[in-house]
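Quick note: the coordinates plus some simple rules give every number you see, no bench work behind them. These figures come from a predicted structure and were not determined experimentally. Every residue, glycine among them, receives a Cβ derived from its backbone with ideal geometry; neighbour counts consider all protein chains shown.
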């Protein structure tokens, strides 16, 4: 278990093995925001740096680092990935912005890496694609 401070300052005990995805702020966020998926309360939002949080989890295998369409990093738990697919035409956000979509249950994460690279990176981090 680790403690993650929610954006409002609340200390939340989190099973680090339950975390499926960690991403940094969205362009509209004011101030530092990190989004943690897989915790039992839905998405946990914190002000902790996403890279620092991902490394602090200490899970084995470590989370796979990929790139979101806005060129910010996203860390994904390989064994939590259910499938990988090419983006739909409605998911493309500009030239080469989305080249693969990683699916973790009902969560879809678009990434800039192509399908082959995404599959290789995720499989190296415990996925079975």
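Quick look at the values:
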quantity: Label-point separation, residue 15 to residue 43 (7 Å along Cα→Cβ), nm; calculated: 2.3
quantity: Spatial separation of Cα centroids for segment 86-128 and segment 1-52, in angstrom; calculated: 21
quantity: Relative contact order (%) - criterion: Cα under 8 Å, at least six apart; region: segment 44-129; calculated: 30
quantity: Kirkwood hydrodynamic radius of segment 2-124, from inverse mean 1/r over distinct Cα pairs, in Å; calculated: 14.7
quantity: Calculated FRET efficiency for the pair residue 28/residue 52, C-beta based, R₀ 30 Å, to 0.05; calculated: 0.85
quantity: Value of Rg/Rh across segment 29-80 [Cα atoms, Kirkwood radius]; calculated: 0.94
quantity: Inter-probe distance in nm under a simple model that places probes 7 Å from Cα toward Cβ, at residue 88 and residue 5; calculated: 4.0
